[in-house]
Structure formats: structure tokens, C-alpha cells
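Everything on this sheet refers to the single structure shown next.
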Amino acid sequence: MDEQMSCFDKEIDRTNSHSDKWTKYPQEVIPLWVADMDFESPECIKNALNERVDEGVFGYTHASKSLENNIVEHAQRRYNWAISRTHIVHLPGLVCALHLAVRNFSNEGDAIVVPGPVYYHLNKAPLLANRTLSRVDMEIKEGRWVPDMQALETACAQPNSKMILLCNPHNPGGTVYTKAELEAIHQLAKRHDLLVVSDEIHCDLILDDVPHVPFASINEDAANRTITLMAPSKTFNVAGLGYAFAVISNPPLRNAFNEAKTGLVPYPNLLGLTAANAAYEAGQEWHASLLTYLKENRDIIARWLPSTPLKMVHLEATYLAWIDVSALQLDSVHQFFLEAGIGISDGKDFGNPNYIRLNFGCPKSRLEDAIKRINDALKKHNYL
Ligand SMILES: Cc1ncc(COP(=O)(O)O)c(C=O)c1O
């Protein structure tokens, strides 16, 4: 590889690995939809997996002390959050925990408060369980997507409201909640005695110089009413290995969560555990380089968009650009981009049909090709 090239510039052919991302569309389409990146995971993960596979025996396996200690240290180092090994609940993925929490800690007919548009499983978890989805709109305030706090207060105050599902950093839109914003949300949760399930899967993908504040870290009451969900999968690009974890410091809440998952939620795959251990133990340098690369990609998009009718609010976190395409007045947003040769995520899947979500976790060459294709389509249809 050229000295100047970064490992993230490498174009990897993923078409033969049954990748969801790369098999959804015809080969000529650039897939920029589902949230995984076209980057190799760091060497430390590949080496740990190779060593584990070489052992050749793959029986029932539990999480190592080392993994739990590495998670504890990671939480301390990155978020100044003191957790204990005993607070960790290992999971084969984060989505199952969202659904499980809704089903176990609320009853049919209860309302679940969800700021949105949001990653669709936060909407699905209440709906599939016959709960009322009490959606609170996110609005643009001072250049950031934040929940409409008046609407949030009204939703939380409903007598059947039981829980808030929070996504921090928010997907899509990239909001990194400030401590003050979390404290305001916590006041509502406390006043109306709501459980908070905080999906923090994107918390190591912050592109600005702002800290991630875990909801549970803001005070003791917040810690006691929160199930925090995290994973190395987005950051280290190991979503296919199936590993996530919950942090639940309140013992009765943790016991109830553990009980609810008994017999239903399998233990994580041993390779997922192996990768997570390596990521948190030795992935820091790679992670720092990844963030630099993603920031550059975000900035490429931010510089390009003003030359088009498309708009984006500054993205603080994630590699998922949330782009307003309403000016195009399209009948089918998805079809327009597909015809341009780009497979995007449709905003309507998250709750706003005027938007697309574009995954820029890819080599710059691919991103630039995608931008060129979109520009060509805009020109062809006289938008430029
Ligand atoms: C906010 C959020 N939560 C959860 C997930 C998926 O979690 P998992 O693959 O661990 O089930 C995603 C994937 O894009 C996500 O964006």
C-alpha cells in the first residue's frame, strides 16, 4: 500500500461474503445503507480471532474476566464512568435487548416514549409488543437535532407512560446529548417514574470534540432507572460477530433483566467475545485513526451539500449522514438514488420520508464516486 494511503482507503471486495450491505442491490450500485463500514477491523481483532479459530475447539464459552475488566476500563477512560464488572450483562446483540426491555418492563397498552425519527428498532420494540409508541419529534435547534422538550414533557406525563427509549448519540442525526440535556430528560423520567433504556451503540463514533455522557452516569437516580446498551460492533466493524452488552447497576433491575432473557436470549458467540476483548484492550490507536478518517468523510459531504439543493445539519457523531432531500420533491426518494447508482437508507424507515441516511463509512474514493453519481443525477433532472 502507498505510504500516504491509510488502511481505510483500501477498497475491499465484499460481494462474495454474503454481506447484507453488498448483496441487497445489483453490483453496479454503491451500497451506502445499513450501518456497517467497508473497512477491515483492526489487526488486534483479526489476530485474536485467528488465534481463537486456530484452537479449533468451539464449545460453550463465557465472557472472560479480561473482557469485563477491559469494558470497565474503557468506560472509565472514555466516559469517566465508573462501573463494576458485576453490572455488565453480555448479549448476542443490542436489538434483542431493546425488545426484551420493552416486553418485560411494561404491559400491553402502556406507552413507550421515543424521540424520533430514530433507528427503526426503537419504534418497532413498542409496536411489536402492542405498546403505544409515544413518539416525540426531534427538531433542529441551534444547528442540532434535539427532542422537542415540551412534547417530551407532555409524553412523559401521560399516566400510561412507562419508559423512555433514548438513542445517544442519536441515529439518525448524530446528536451527542449534552449533560444538561440528559439532566433535563432525567428530571422528567424521575418525576414520572419512568425506566430509561439508553441505546448508546454509537458512543465511540463521536466526530466533534465533545464527550459522550452515558445517561446512567449523570447521577445515582439515573443509574438506578437505566438500562444502558453498548457494543463494539459499530466502532470496530464487527456487527456480524454478534456481541453487545448492557450495563445495569441497579441489582433488582439487573436480576429482572437477566431473568427475562433466560432461555430466550442466547449467550454471545465466542468469536464475538474474543473480538470485543481485543477491541477494548488494544483497539485505541486504530479507533483514533478511524475517527480522523470519518471526520474527513463527514466534512467532504458537508462541503459538497451546499452546492446542491440537499441539506444536512452538522453531524456530531456516527458515520450516517442524515440528509434532507425535500427540495427535490420526489415521488420515490429511494428510486431516485437507486437510478443514480446509490443504495441509501430511506428516511421513512426511521420516521421522516423527506430524508435519506447515507453511510459514509467507506473509502474516500467510493464516497467521491457516490457524490459524483448523485451530482450527475441532479444535473440530469435539472436540479443543478
Ligand atoms: C441505534 C442502534 N441500535 C442498535 C443497532 C443494532 O444493534 P445490534 O446489531 O447489536 O443488534 C444499530 C445498528 O445500526 C443502531 O444504529
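The values are calculated or read from the model by the stated rules, or taken from the named source; none is laboratory data. What you see is a predicted model, and the numbers here were worked out from it, not measured in a lab. Neighbour counts are summed over all protein chains in view; Cβ atoms, including those assigned to glycine, are modelled from backbone coordinates with ideal geometry.
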*Residue identified as of a type in the set (Val, Ile, Thr) and under 30 Å from ALA377 (Cβ atoms) among VAL238, VAL313, VAL247, VAL265*: VAL313
*Within segment 63-84, is even one residue surrounded by 16 or more Cβ atoms within 10 Å (Cβ to Cβ) and of a type in the set (Phe, Trp, Tyr)?*
yes
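Considering segment 98-134 alone, what residues qualify as being aromatic (Phe, Trp, Tyr) and away from the ligand (no atom under 16 Å from the Cβ)?
PHE105, the sole residue that qualifies.
Rundown of residues vs (1) out of contact with any Gly (no Cβ under 6 Å at 6 or more places or on another chain); (2) part of a loop (DSSP other than H, G, I, E, B); (3) of a type outside the set (D, E, K, R), yes/no style:
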| site | (1), (2), (3) |
| --- | --- |
| LYS190 | yes, no, no |
| HIS202 | yes, yes, yes |
| ASP209 | yes, yes, no |
| VAL213 | yes, yes, yes |
| THR228 | yes, no, yes |
| SER233 | yes, yes, yes |
| GLY240 | yes, no, yes |
| PHE245 | yes, no, yes |
| LEU253 | yes, no, yes |
*asked:* Against the conditions (1) of a type outside the set (S, T, N, Q); (2) under 15 Å from VAL196 (Cα atoms); (3) in contact with a His (Cβ under 9 Å, 6 or more places away or on another chain); (4) in a helix (DSSP H, G or I), where does TYR177 fall short? Just the number, please.
replied: (4)
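Does ILE201 satisfy being within 13 Å of the ligand (Cβ to nearest atom), of a type outside the set (D, E, K, R) and touching a Ser or Thr at 6+ places or on another chain (Cβ under 9 Å)? It would help to see each step written out before you state the result.
Details: within 13 Å of the ligand (Cβ to nearest atom): yes; of a type outside the set (D, E, K, R): yes; touching a Ser or Thr at 6+ places or on another chain (Cβ under 9 Å): yes.
Judged against the criteria, ILE201 is a match.
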*asked:* Show the residue pairs meeting these rules: Cβ distance below 8 Å; 6+ apart or different chains; first residue within segment 269-285 and in contact (Cβ under 8 Å) with a residue 24 or more places away in the chain; second residue assigned to a helix (DSSP H, G or I) and acidic (Asp, Glu).
replied: TYR280/GLU73
*Is there a residue being away from the ligand (no atom under 14 Å from the Cβ), in a helix (DSSP H, G or I) and among the aromatic types (Phe, Trp, Tyr) anywhere in segment 80-89?*
no
*If you check LEU290, LEU367, LEU305, which single one turns out to be away from the ligand (no atom under 16 Å from the Cβ), surrounded by 15 or more Cβ atoms within 10 Å (Cβ to Cβ) and more than 23 Å from the chain's Cα centre (by Cα)?*
LEU305
*TRP304 vs. criteria touching a residue at least 60 places away in the same chain (Cβ under 8 Å), outside any helix (DSSP H, G or I) and either in the same structural domain as THR23 (by TED's automatic domain parsing) or farther than 23 Å from SER6 by Cα (or both)*: no
